[in-house]
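Read through the structure below, which is laid out as structure tokens, and then see the notes.
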Amino acid sequence: MRHLLSTRDLTRDQAIEILDTADRMAEVGQQSVKKLPALRGRTVVNLFFEDSTRTRISFESAAKRLSADVINFSAKGSSVSKGESLKDTAQTLMAMDADAVVIRHGTSGAPQRLATAGWIDAAVLNAGDGKHEHPTQALLDAMTLRQHRAALAGEETTGTGLDGMHVVIVGDILHSRVARSNMWLLTTLGARVTFVAPPTLMPVGVEHWPADVVFDLDTALARDPDAVMLLRVQRERMHAAFFPSEAEYARLWGLTPERLAALDAAGATTAIMHPGPMNRGLEISSAAADSPRSTVLRQVSNGVAVRMACLYLLLTGAR
Amino acid sequence: MNTQNVESSGSHPDTGRWLIKGADLLGEKRVDILVVDGVIAAIDAEITDAEVTTVDAAGQIALPGLVDIHTHLREPGREDAETVETGTRAAAKGGYTAVFAMANSNPVADTAGVVEQVWGLGRDSGWTQVQPVGAVTVGLEGKQLSEIGAMAESRAQVRVFSDDGKCVHDPLLMRRALEYVKTFDGVVAQHSQEPRLTEGAQMNEGAVSADLGLTGWPAVAEESIIARDVLLAQHVGSRVHICHLSTKGSVELVRGAKERGIDVTAEATPHHLLLTDELVRTFDPVYKVNPPLRTDDDVQALRAAVADGTIDVVGTDHAPHPTEDKECEWTCAAMGMTGLETALSVVQHTLVDTGAVTWRDVARIMSATPARIGRLEGQGRPLEVGEPANIVLFDPAAETLVDPENHESKGRNSPYRGLTLPGAVRATFFAGHPVVLGGTLMRPHPAAGGR
Ligand SMILES: [Zn+2]
């Protein structure tokens with residue numbers, strides 16, 4: 001693996017190797033000394049063209065736990081209206097001897113461009129590009145799903161996929177890189193994915209995807225999924241006529257207290273996932289966010305482990 | 001004072017006597033062609049004449065000089081992207097003896113002054129005839145009709161009006177434009193793009209845009225405008241030209257309109273006859289163009305439509321951009337591709353070699369019909385005795401490895417970089433003068449700059 005640009009490109013073996021490595025990295029996090037010397041002397045640059053303190057901090061702590069030097073380069077606000085700056089910025093980073101560039105960008109394809117345009121020779125790690133992909137988010141979600149099933153079954157996670165699992169992903173599929181990355185990865189690992197959204201927030205072309213599409217959340221929840229993942233809904237979508245009002249969205253597609261109660265009444269083991277940050281009261285009710293089913297905080301800690309695994313595998317050429 | 005274009009002003013005593021030996025006339029029969037002082041003096045199986053310069057054209061197809069109904073020369077305003085000089089050199093190299101220069105320059109070609117400036121620059125260059133297109137609306141802003149009459153009556157004699165790059169989306173304004181240009185036997189060339197349906201659009205809306213998370217440019221945004229405009233043209237009894245038609249649905253709309261007798265003509269670009277949106281998966285902005293590359297289904301429908309005459313012409317939509325406008329992320333890259341120097345090869349590859357059309361058809365779709373749509377006299381004429389000597393000699397057996405670094409255009413944004421395309425332009429005779437010979441650019445027409 002030279003770069004990590006998308007989950008669509010990952011084979012099942014590659015994905016399981018990352019997840020197994022992440023499990024071992026998580027164990028390091030349990031120890032009193034949380035640091036490994038694996039990347040000592042290597043430089044990781046966090047190149048963030050889009051604000052995301054959460055993701056940047058996650059990558060930063062991952063790199064630091066592997067003893068790498070970290071440079072945070074926030075390009076937000078600099079003149080990026082002309083794309084030349086991506087090339088110039090990239091070459092500036094190379095002059096700093098970056099071994100890996102973790103890039104977050106508001107437009108689809110920027111990481112791939114960085115990796116393939118011949119501007120740099122560092123490993124490129126996509127930390128979210130436009131509406132395209134967010135591979136480490138999907139990997140941390142897969143890690144969480146593996147743990148969820150293993151805990152219920154009393155088994156080990158190592159070496160396993162997500163075969164037979166069913167994950168319902170609800171919300172703004174059209175604009176979501178998290179939905180796309182999860183769909184490719186979870187299905188590669190053997191899970192079944194159901195997308196639930198208002199038709200306005202489902203892309204044209206969705207019929208070509210390896211996912212079931214339903215518009216009614218209750219229908220999807222009645223199928224006893226292993227997990228339901230709520231996607232963050234941008235409140236401003238309402239103004240572009242994607243849905244009439246926040247109240248209507250919450251009523252039809254939100255994980256309301258009533259829907260949570262229905263899961264409980266059915267005795268379902270469904271986990272509740274959210275990539276954060278949450279809009280409480282919109283796509284997820286507080287009751288759901290704070291319920292024992294919620295894996296939100298587990299997802300955050302898994303995020304560090306997955307990012308450690310990705311940096312480690314990319315920079316040590318273990319593959 | 002000579003107020004006519006050099007190309008349409010008849011004979012030129014100083015362009016000499018040329019004998020084209022053994023050319024394959026429209027791919028149908030082997031002939032010699034004698035060119036004397038700008039005019040085709042004789043066509044015969046065997047011509048012998050001692051007082052000539054002989055051009056060996058064995059194995060080369062002789063076609064009338066190509067006419068591009070859709071070129072962006074960028075001058076005035078974006079001389080960093082292209083100039084009339086470099087654009088017309090590219091045109092000559094591609095076999096074109098006339099190009100229609102789109103109006104989206106800076107300043108916009110919306111006055112007699114600007115169109116005369118572009119026309120004059122073309123005449124000064126002497127590589128190919130430059131026929132300016134006038135803007136339909138002031139500043140391409142879609143609010144107020146530009147000085148259509150003044151442009152029509154200017155020395156540039158403008159007959160094609162277009163806001164290309166933007167759609168004349170206001171239905172009332174479009175109706176008025178269609179009506180008004182009838183005064184001058186003009187035509188409105190529409191860039192069909194419903195603006196609200198394409199806000200922020202980056203690529204064709206479909207399976208690939210879903211995967212890539214790029215905002216879609218739906219086929220319906222093109223088709224809804226075409227549907228409206230053919231009805232408007234019918235209603236007011238005017239003619240309308242559809243620029244760069246790109247979808248299967250558009251083909252069906254134009255086919256239906258023609259069956260109903262509506263005076264509509266349609267154009268396809270070479271890139272829409274060959275390339276698909278699958279290429280966008282590379283995120284290489286060289287494939288970013290407007291309208292966007294569509295699906296293989298659309299490509300096949302376009303080819304069939306050229307073959308059955310639903311699509312009348314191939315226009316390049318040659319759109320050069322400086323490297324920095326393409327060397328960036330997809331979303332901030334400029335839209336457009338170069339095309340003048342590769343068009344004939346792409347047409348051979350997609351239409352001739354596939355059996356969809358003959359070389360005689362190529363003469364129709366790339367020369368005669370575009371000249372007729374634009375009412376351009378002296379261009380697109382048949383290769384017959386007494387006609388202006390606008391001739392391209394094309395070797396269909398050659399292969400060309402496309403390297404934009406070798407192009408005459410300033411633009412390096414050719415989507416065919418690295419591809420091997422069939423055929424090569426060997427010679428371009430422009431009003432009796434070989435501007436290209438042996439595949440090499442020679443000297444401009446001796447009458448260039450004769451203002
Ligand atoms: Zn256009």
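The values are calculated or read from the model by the stated rules, or taken from the named source; none is laboratory data. The shown structure was predicted, so the numbers you read here are calculated from the model rather than taken from an experiment. Neighbour counts are summed over all protein chains in view; Cβ atoms, including those assigned to glycine, are modelled from backbone coordinates with ideal geometry. Ligands, DNA and RNA are stripped out before the accessible areas are found, and what is left, the full protein with its side chains, is counted by its heavy atoms. Shrake-Rupley method; radii C 1.70, N 1.55, O 1.52, S 1.80 Å.
Within the group A:His166, A:His148, which residue is more than 9 Å from chain B (Cβ to nearest Cβ) and closer than 22 Å to A:Val214 by Cα?
A:His166
Every condition in (1) surrounded by fewer than 24 Cβ atoms within 10 Å (Cβ to Cβ); (2) touching a residue at least 24 places away in the same chain (Cβ under 8 Å); (3) of a type in the set (A, V, I, L, M, F, W, C); (4) not assigned by TED's automatic domain parsing to the domain that holds A:Ala271 is met by A:Ala95 except one, and the failing one is (2). Within the stretch A:63-100, which residues are modelled with pLDDT of 85 or more, part of a loop (DSSP other than H, G, I, E, B) and not hydrophobic (A, V, I, L, M, F, W, C)? Of everything in the stretch A:63-100, those that are modelled with pLDDT of 85 or more, part of a loop (DSSP other than H, G, I, E, B) and not hydrophobic (A, V, I, L, M, F, W, C) turn out to be A:Ser67, A:Asp97, A:Asp99.
Within the group B:Arg372, B:Arg364, B:Arg412, which residue is touching a Gly at 6+ places or on another chain (Cβ under 7 Å) and among the basic types (Lys, Arg)?
Numbers: B:Arg364 fails: touching a Gly at 6+ places or on another chain (Cβ under 7 Å); B:Arg412 fails: touching a Gly at 6+ places or on another chain (Cβ under 7 Å).
B:Arg372 is the lone residue from the list that is touching a Gly at 6+ places or on another chain (Cβ under 7 Å) and among the basic types (Lys, Arg).
Given the condition surrounded by fewer than 23 Cβ atoms within 10 Å (Cβ to Cβ) and in contact with a Phe, Trp or Tyr (Cβ under 6 Å, 6 or more places away or on another chain), answer yes or no: does some residue in the stretch A:235-244 qualify? There is at least one residue in the stretch A:235-244 that is surrounded by fewer than 23 Cβ atoms within 10 Å (Cβ to Cβ) and in contact with a Phe, Trp or Tyr (Cβ under 6 Å, 6 or more places away or on another chain).
Of the residues making up the stretch B:50-77, those that are in the same structural domain as B:Gly126 (by TED's automatic domain parsing) and free of Cβ contacts under 8 Å to residues at least 40 places away in the same chain number 1. Taken over the stretch B:394-423, residues that are under 18 Å from the mean Cα position of the chain (by Cα) and either open to solvent by less than 10 Å² (accessible area, probe 1.4 Å) or acidic (Asp, Glu) (or both) amount to 8. Considering every residue within the stretch B:173-186, establish whether at least one is within 16 Å of the ligand (Cβ to nearest atom), touching an Asp or Glu at 6+ places or on another chain (Cβ under 8 Å), open to solvent by less than 40 Å² (accessible area, probe 1.4 Å) and in the same structural domain as B:Thr316 (by TED's automatic domain parsing). Within the stretch B:173-186, one or more residues are within 16 Å of the ligand (Cβ to nearest atom), touching an Asp or Glu at 6+ places or on another chain (Cβ under 8 Å), open to solvent by less than 40 Å² (accessible area, probe 1.4 Å) and in the same structural domain as B:Thr316 (by TED's automatic domain parsing).
Being open to solvent by less than 10 Å² (accessible area, probe 1.4 Å) and part of a loop (DSSP other than H, G, I, E, B) is the filter; apply it to the stretch B:323-332 and report the residue that is farthest from the other protein chains (Cβ to nearest Cβ). Steps first, answer last, please.
Here is the first cut: in the stretch B:323-332, the residues open to solvent by less than 10 Å² (accessible area, probe 1.4 Å) are B:328-330.
If we keep only those that are part of a loop (DSSP other than H, G, I, E, B) too, we end up with B:328-329.
Numbers: B:Cys328: 2, B:Glu329: 5 Å.
The qualifying residue farthest from the other protein chains (Cβ to nearest Cβ) is B:Glu329.
Would you mention how many residues in the stretch A:240-257 are under 24 Å from the mean Cα position of the chain (by Cα) and part of a loop (DSSP other than H, G, I, E, B)?
Narrowing the stretch A:240-257 to residues under 24 Å from the mean Cα position of the chain (by Cα): A:242, A:249-250, A:253-256.
From what is left, the residues that are part of a loop (DSSP other than H, G, I, E, B) are A:242, A:254, A:256.
Matching residues across the stretch A:240-257 total 3.
Put simply, of B:Arg426, B:Arg360 the only residue that is assigned to a strand (DSSP E or B), within 18 Å of B:Asp32 (Cα to Cα) and open to solvent by 30 Å² or more (accessible area, probe 1.4 Å) is B:Arg426. Residues that are open to solvent by 10 Å² or more (accessible area, probe 1.4 Å), within 16 Å of the ligand (Cβ to nearest atom) and hydrophobic (A, V, I, L, M, F, W, C) within the stretch B:136-169 comprise B:Leu140, B:Cys167, listed in sequence order.
Given the options A:Ala211, A:Ala250, name the one that is under 22 Å from B:Gly213 (Cα atoms) and open to solvent by 10 Å² or more (accessible area, probe 1.4 Å). Please lay out each step first, then the result.
Numbers: A:Ala250 fails: under 22 Å from B:Gly213 (Cα atoms).
It is A:Ala211.
Of B:Val280, B:Val240, B:Val208, B:Val220, all but one fail to be over 23 Å from B:Gln348 (Cβ atoms), at pLDDT 95 or above, touching an Asp or Glu at 6+ places or on another chain (Cβ under 6 Å) and away from the ligand (no atom under 16 Å from the Cβ); the exception is B:Val208.
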